[in-house]
Amino acid sequence: MAASFRWILQRHKDVPKAARFYSEGLDFTTNVCTLRWAELQSGPLKLALLHSPHDQITQKEYNSLLSFTVTDINSTVNKLMALGAVLDGPIKHEVHGKVAAMRCIDGHVLGLYEPV
């Protein structure tokens with residue numbers, strides 16, 4: 001099975017204000033909105049907003065992240081690394097599944113998620 005698109009993540013200083021921007025300006029449906037996290041939806045597309053108090057993004061942080069659900073995270077990580085991606089920290093085993101962050105060949109962050 002191919003990877004399925006999960007969501008796009010953006011970092012914002014003011015999550016409720018950003019959520020209001022997308023919900024009122026572009027008619028996104030707000031599924032969740034707190035001071036630190038929001039999840040909005042437009043059709044099948046999900047937009048996640050994460051609180052970031054920093055004015056500048058450091059090399060280890062990111063402004064945006066594309067997240068994908070995969071059936072085998074280890075196999076996917078190996079394939080992407082063979083194509084030039086770099087694992088950005090270890091694969092984590094969370095209660096809801098495995099997660100990994102990778103940087104593609106141009107440094108953009110990809111999130112991978114394998115549900116349990």
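The values are calculated or read from the model by the stated rules, or taken from the named source; none is laboratory data. Computed from a predicted structure; not experimentally measured. Backbone-built Cβ (ideal geometry, glycine too); neighbour counts: all protein chains shown. Note: areas computed on protein heavy atoms with side chains; ligands, DNA, RNA excluded. Shrake-Rupley method; radii C 1.70, N 1.55, O 1.52, S 1.80 Å.
Points worth noting:
- Measuring r between the beta carbons of LYS17 and ASP106 and using R0 = 41 Å, the FRET efficiency lands at 0.90.
- Computed with every protein chain present, the accessible area of ASP106 is close to 120 Å² [probe 1.4 Å].
- Rounded to the nearest 10 degrees, the angle from helix 15-26 to the longest Cα principal axis of the chain is 80 degrees.
- Approximate spin-label separation VAL116-LEU50, in nm, with each point projected 7 Å along Cα-to-Cβ: 2.2
- Non-local Lys pairs in the chain, i.e. 8 or more apart or on different chains, that have alpha carbons under 29 Å apart: 15
- Degrees separating the helix 73-82 axis from the principal Cα axis of the chain, which is the longest one: 80
- Accessible surface ranking for THR34, THR69, 1.4 angstrom probe, highest first: THR34, THR69.
- Translational D in µm²/s for the chain (Stokes-Einstein at 20 °C, 1.002 mPa s, Kirkwood Rh from C-alpha pairs): 142
- Per-residue accessible area (protein heavy atoms, 1.4 Å probe) orders MET81, MET102 as MET81, MET102, starting from the largest.
- Cβ-Cβ FRET estimate between LEU35 and ARG6, R0 fixed at 22 Å, reported to 0.05: 0.45
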